[in-house]
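Bear in mind that the values in this text are calculations on the coordinates, not laboratory data. These numbers were taken from a predicted model, which means no experiment stands behind them. As a convention, Cβ positions derive from the backbone with ideal geometry for all residues, glycine included, and neighbour counts pool all protein chains shown.
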Amino acid sequence: MTNKAIARIIVVSIILILHLQSKVQNERAYTLDYAFGVDFVSILLALSFGKKPAILRAMDMDLKNKTLKELEELVMGFGGKKYLARYIFSFIHSQDAVEIENISPLSKDFRQKLIEAGYYISTMGLVEKFVDPDGTVKFLFELGDGVRIETVLMVTGAPQSRKTLCISCQGGCRMGCAFCATGKLKYKRNLTAGEIVGQVNYVAADCGAVNNVVYMGMGEPMDNYDEVMRSIEMINHHAGKNIGQRHITISTCGVIEGIDRFGDEKLQVHLAISLHSSRDQVRSKIMAVAGKYPLRELLCSIKGYQKKTKRRVMFEYCMIKGLNDSDSDAKALVTLLKGLNANVNLIEYNPHDGCEFQPSSRNRIQSFLDILMTNGVETTVRYKRGQTIKAACGQLGATWIDKCD
Ligand code: SF4
């Protein structure tokens, strides 16, 4: 055995031990996968032995998973002119090309070269589409490797006037929030930027142009940071769907490292924080991350973000009966937000099977709202939508938890 092989085995063994140890310390949340994204151990093993795992190979070859700049490099690598990349990008993201053969501005020879090299355009496999009487539509997709995700389209305002798409960024979620059905699914993997954008492209082709995109579906965006940022670049690009940054929101359960990085991006994209309580003790009962990121540190990070960006932050607050919905909880929230440029979105809690929590009554929500408003906190209430199809906030994955895990 060569020295190189012995070194590889030692490195892999150390990593495996650390990984198992971190799994034992906290089954759900902070494994090494958390730091590295897609199935860390299998990737590390494959890389250690000089092979790229199938999932990374597929990501590399998917043209939908490439930003315009990456496509320009690719095209030039094949001896083509840089401007051809714009045709590829625009055909995929604006004209919904699913085959390289359909990108007609490329010469036949050039298309053939790409196909022979193994490039392809990934597609979203629709498993089922559910429509709620209130107009909400939920899409259940199956990705190339069998991972299932859900995407929700909410149509509000005058007939068909405003379409907001709630997209997923991970298969399952590592954060394990107790009130959320997705948190109960086994985490599968991070989605690629192509798979994130693919949700927007599919729904726009099926239901017409999307006005707003919110990263509030399955998964924690800050836990798949790089792919989420690449997907924003692609969704926002004028050669693609051209959705303005101010029409995009990313929501985090409070991953401080992600908020700090996001503040440096110089984007106009909105930031939302899933808060759900102004007390660490209550928050840690429903959100595993609260132990790692206490409110004092979370607030400090948000203040840092606002200092850099001067942007308002939205705080999401699920109203759960008897847990976080008292008058004193409302007053604690007023105190917590003092000095911040913030607004609050109260969410009527959406229970799902096997969940111990119940929604607050509408009267309770109103009293809570009154306290916030009389104390100068701008607040909106999001009442349940998409209830019959389990498409409401915190319910994604609820229909197939048992079937998959
Ligand atoms: S609320 Fe968001 S972060 Fe928490 S488990 Fe659900 S998807 Fe993950």
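With just the Cα atoms defining each centre, how far is region 58-106 from region 319-335? Give it in Å.
After rounding, the separation between the Cα centres reads 51 Å.
Per the Kirkwood treatment, what hydrodynamic radius in Å, one decimal, follows for region 257-340 from the mean inverse distance over all distinct Cα pairs?
That comes to 13.5 Å for region 257-340.
Can you give the FRET efficiency to the nearest 0.05 for Glu378 and His238, using r as the Cβ-Cβ distance and R₀ = 35 Å?
That pair, Glu378 with His238, gives E of 0.65.
Nearest-5 percent of antiparallel DSSP beta bridges in region 169-313?
The antiparallel proportion sits near 20 percent.
Among Thr156, Thr136, what is the fewest-to-most ranking by other Cβ atoms within 10 Å?
Fewest to most other Cβ atoms nearby, the residues stand as Thr156, Thr136.
Under the classification rounded if a/c is under 1.5, otherwise prolate if a/b is larger than b/c and oblate if not, where does region 198-289 fall, given a ≥ b ≥ c as square roots of the Cα gyration tensor eigenvalues?
It is prolate, given that a/c is not under 1.5 and a/b is the larger ratio.
Using packing as a proxy for protection, rank 376-384, 281-289 so that the peptide with the highest average count of other Cβ atoms within 10 Å comes first.
Taking the mean over residues of other Cβ atoms within 10 Å, the ranking is 281-289, 376-384.
What order, most packed first, do the peptides 177-189, 293-305, 137-149, 107-119 have when packing is the mean number of other Cβ atoms within 10 Å of each residue?
Highest to lowest by the protection proxy: 177-189, 137-149, 293-305, 107-119.
With +1 assigned to the C-beta of every Lys and Arg and -1 to the C-beta of every Asp and Glu, and no other charges, what is the dipole magnitude of region 125-400 about the Cα centre in debye, to the nearest 20?
520 debye
Of Lys338/Lys390; Lys113/Lys266; Lys66/Lys266; Lys81/Lys188; Lys163/Lys390, which ones are farther than 30 Å apart at the Cα?
Lys338/Lys390; Lys113/Lys266; Lys81/Lys188
Over region 125-400, what is the percentage of antiparallel beta bridges among all DSSP beta bridges, to the nearest 5?
45 percent
By average Cβ neighbour count within 10 Å, what is the ranking of 216-224, 64-72, 307-315 from highest down?
Peptide ranking by packing, descending: 216-224, 64-72, 307-315.
Say R0 is 30 Å: what FRET efficiency, to the nearest 0.05, do Lys307 and Ser107 get from their beta-carbon distance?
Once rounded, the FRET efficiency stands at 0.05.
Charges only on Cβ, +1 for Lys and Arg, -1 for Asp and Glu: so what's the dipole of region 233-283 about the Cα centre, in debye to the nearest 20?
220 debye
What list do you get for Asp134, Asp327 if you sort them by fewest beta carbons within 10 Å?
Asp327, Asp134
Run the simple label-point estimate for Ser161 and Leu126 please: 7 Å along Cα→C-beta, distance reported in nm.
Placing both labels 7 Å along Cα→Cβ, they lie 2.7 nm apart.
Rounded, prolate or oblate: which fits region 61-116, taking a ≥ b ≥ c as square roots of the Cα gyration tensor eigenvalues, rounded meaning a/c under 1.5, else prolate when a/b beats b/c?
Rounded.
In the structure shown, do any of Lys321/Lys384; Lys285/Lys310; Lys184/Lys285; Lys184/Lys241 have a Cα-Cα gap over 22 Å, and if so which?
Checking Cα-Cα distances, Lys285/Lys310; Lys184/Lys241 exceed 22 Å.
Report the calculated FRET efficiency for Glu70 and Asn343 (r = Cβ-Cβ distance, R0 = 35 Å), to the nearest 0.05.
0.45
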